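Presented below is the structure to which this report refers.
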Amino acid sequence: MQRFLTFFLLASGSWAFEKGAAKEDFVRISPENPMVQFGGSLVLNCSASCENIGLETAFTKVLIGEGPGWKAFNLSNVDHWTANLLCYANCEGLQTARATITIYKPPESIKLDPVPEMEVGKPYNLTCWVSGVAPIQNLTVTLLKGAEQLLVKTFEHHTEPEAGPVAVSHRIIAQQSDHNKTVTCQTSLDLRPRGPLLKNTSHNISLRSFDFAGAPQLHADLSLEAGTKMKVTCDAPQVSPAEEAMFHLWFARRPVTFNTSVMGDEASAQAVVTSSSVGEHELICTVSLGPVTKNAKKTVNVFALPTPVLQVDSAEAVVNQAVNITCGADGNASPGFKMQIRDAANILASSNQDQRFLQHAVITQEEDNGREFICRVTLIVDGHTEERRISQKLTVFYGPQIEDSNCPRTLTWKEGSLTSFTCSALGNPKPTVQCWKDGRPYNIGEPQVVQREHDGIYHCNATNQYGSDVRDVTLHVEFSQSIGLIIGCILAVVAVVAFVTVIAYKIYYHNQRIGTYYLWRRGKQQQSPQAVGNSAEQSFLNGNANV
Ligand SMILES: *[C@@H]1O[C@H](CO)[C@@H](O)[C@H](O)[C@H]1NC(C)=O
Ligand SMILES: *[C@@H]1O[C@H](CO)[C@@H](O)[C@H](O)[C@H]1NC(C)=O
Ligand SMILES: *[C@@H]1O[C@H](CO)[C@@H](O)[C@H](O)[C@H]1NC(C)=O
Ligand SMILES: *[C@@H]1O[C@H](CO)[C@@H](O)[C@H](O)[C@H]1NC(C)=O
Ligand SMILES: *[C@@H]1O[C@H](CO)[C@@H](O)[C@H](O)[C@H]1NC(C)=O
Ligand SMILES: *[C@@H]1O[C@H](CO)[C@@H](O)[C@H](O)[C@H]1NC(C)=O
Ligand SMILES: *[C@@H]1O[C@H](CO)[C@@H](O)[C@H](O)[C@H]1NC(C)=O
């Protein structure tokens, strides 16, 4: 079409020329709009109606063919941008035809500027550099984030054809979802319809977008006993991506090994710390997420409580012996510790601060047997008292002591009751108690029915290897009169009944045999019942008399 149009114009021009010059002279270049890749070569055909055809160009040209009215040239190394051509021929004067070579060049390089690790919410530039491309007017640069087109840029209004570098820049606000997304820069050099469509793509870059809104939190006790272990956790809440949070832990200027875990948008590190050096030590947790690094710190008071050492000399004493109780402090100690010697109820001695020796003397009493002495070391750490203690019991040996509560001086027992005689004594070791009555040893503690013979004085003697104690116990037996009376009455009644029965029996048989039955019967009818016995006695006497 273009060709046809040009031909038409040229033809009409020639016709006009012919009319003036009366001759159809022309010079033509073919192709009329030559296009060549930068550094490449191209064949140009100059044709003319006249002789002495030539080509004027800055490029290296070689005549590769000629015929009547034409000359073909090969232009090589088209490597600079002075692209004007001129075909000429010697007609009636010099005739010329001009053309401009379109030199194209696919991009030499397409580079994306590196994008730093991004913080969510902050602006960043995505910049693509395209260099060594021509003609720039035919270039389209597209910036892509994943599949999303961020920017499409063209350069129609550029005037220079040279392949200078161009930059395409786009500002983004980092988002959480940008993490791991790929950014690419695509170029397209569209030379159609006369030339090719050349597409190139830059290397990929991955965006790294981090959100670290919350402050890390360190969970640890403020005090730690030297040599013991403490669990520590460092939490980084509201972080994204939580898996990429990097932790570092230090305690007392030393790195600490730790485990990490992730729960939702919270990353945390767990460690166990210990220190043997007494004093204030810093516990530091550093969390890095992409470009952001945050710290959490705590000061931990590492304290040492000395070990209490208790010495009771001697742990076994006799009564009235002086016993020294010594409390010592052994090992590493934080300043400010105190010692005490105490028993279950009272403080017996207290030390000054940082004093490692404390003594208390006891003159042993009987009641000190079994008494527990305690050596206690205390230290106030962060307002609360840390302590260690050790205890020991004292044994005091002493002679027997018979006391009223265990062995009363007088006892009153009721005759017939079931009871036992007890008498024990205090003493260490436990005394043996023996009692005598009327010169005979008496078995104490055995239950027995109280009898009148128990009444009397018991001589008791308690002994152990530290001495003896004696006591006389006077025991009264209360005669049980009521029991005697009842038994007496019962016995009397039984005796009377038995006697009466026997007599009555005897009389009955006797009367049957000797016939005094009626006498007895009559007597019974006439006399009061109380007189029966008398009358019976009488009858008995009579009967006897009769016998
Ligand atoms: C040059 O052009 C002429 C006329 O247009 C043609 O006859 C000739 O074949 C062409 N030569 C080449 C090498 O194309
Ligand atoms: C662009 O593509 C062309 C071929 O299509 C190639 O010759 C050139 O080297 C490419 N440029 C880059 C920067 O990849
Ligand atoms: C982005 O580019 C613009 C202009 O090119 C510049 O003013 C701005 O400072 C750049 N921003 C960043 C974050 O680099
Ligand atoms: C990002 O890519 C890295 C490496 O390819 C991968 O390990 C990680 O899981 C990805 N993170 C997310 C949030 O997709
Ligand atoms: C880390 O985890 C392992 C396995 O659960 C455990 O044995 C180890 O003690 C942990 N280390 C720390 C410093 O917590
Ligand atoms: C108790 O200690 C004092 C002073 O330290 C010492 O004089 C005394 O001999 C000690 N007594 C005993 C029984 O060790
Ligand atoms: C008590 O018994 C001990 C040892 O059997 C004896 O030595 C001591 O004389 C006795 N005391 C009396 C008052 O009988």
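Bear in mind that the values in this text are calculations on the coordinates, not laboratory data. The structure presented is a predicted model; accordingly, all values stated were derived computationally and were not measured. Glycine also receives a Cβ, built like all others from the backbone with ideal geometry; neighbour counts cover every protein chain displayed.
Candidates 166, 141, 425 compared by Cα position along the dipole of the chain: farthest toward the positive end lies 425, with charges placed on Cβ. Using a cutoff of 8 angstrom between alpha carbon atoms and counting only pairs six or more residues apart, the relative contact order for the chain works out to 6 percent.
Each of 60, 102, 493 was scored by the projection of its Cα onto the charge dipole of the chain, and the greatest displacement toward the positive side belongs to 493; charges sit on the C-beta of Lys, Arg, Asp and Glu. Centroid-to-centroid, using Cα positions, the range 268-347 and the range 31-60 are 99 Å apart.
Of the chymotrypsin sites (Phe, Trp or Tyr not before Pro) found in the range 39-113, those that fall in a DSSP loop while having at most 16 other beta-carbon atoms within 10 Å are 81. Taking the Cα centroid of the range 72-94 and of the range 155-182, what is the distance between the two, rounded to the nearest whole Å? Using only Cα atoms to place each centre, the spacing works out to 39 Å. Counted by Cβ distance under 14 Å from residue 164, the other residues give a net charge of -2, where Lys and Arg count +1 and Asp and Glu count -1. Counting only alpha carbon atoms, the long axis of helix 530-546 and the longest principal axis of the chain meet at about 50°. Bridging of residue 122 to lysines at a Cα separation below 27 Å is possible for 111, 145, 153, 181, 294, once same-chain residues fewer than 8 apart are set aside. Of all aspartates and glutamates in the structure, those lying under 16 Å Cα to Cα from residue 506, and not within fewer than 8 positions of it along the same chain, are 537. Dividing the summed helix terms, -39500 (n - 2.57) for each DSSP H run of n ≥ 4, by the number of residues in the chain produces a 222 nm estimate of -5000 deg cm²/dmol to the nearest 500. Distant-in-sequence amide contacts of residue 26, defined by a placed amide H-H separation under 5 Å and a gap of 5 or more residues or a different chain, comprise 49, 50. Other residues whose C-beta falls under 11 angstrom from the C-beta of residue 46 contribute a net charge of +1, scoring Lys and Arg +1 and Asp and Glu -1.
In a shell of Cβ-Cβ distance under 14 Å around residue 205, excluding residue 205 itself, what net charge do Lys and Arg (+1) and Asp and Glu (-1) give? Charge balance near residue 205 sits at +1.
Reducing the range 389-411 and the range 117-134 to their Cα centroids gives an inter-centroid distance of 97 Å.
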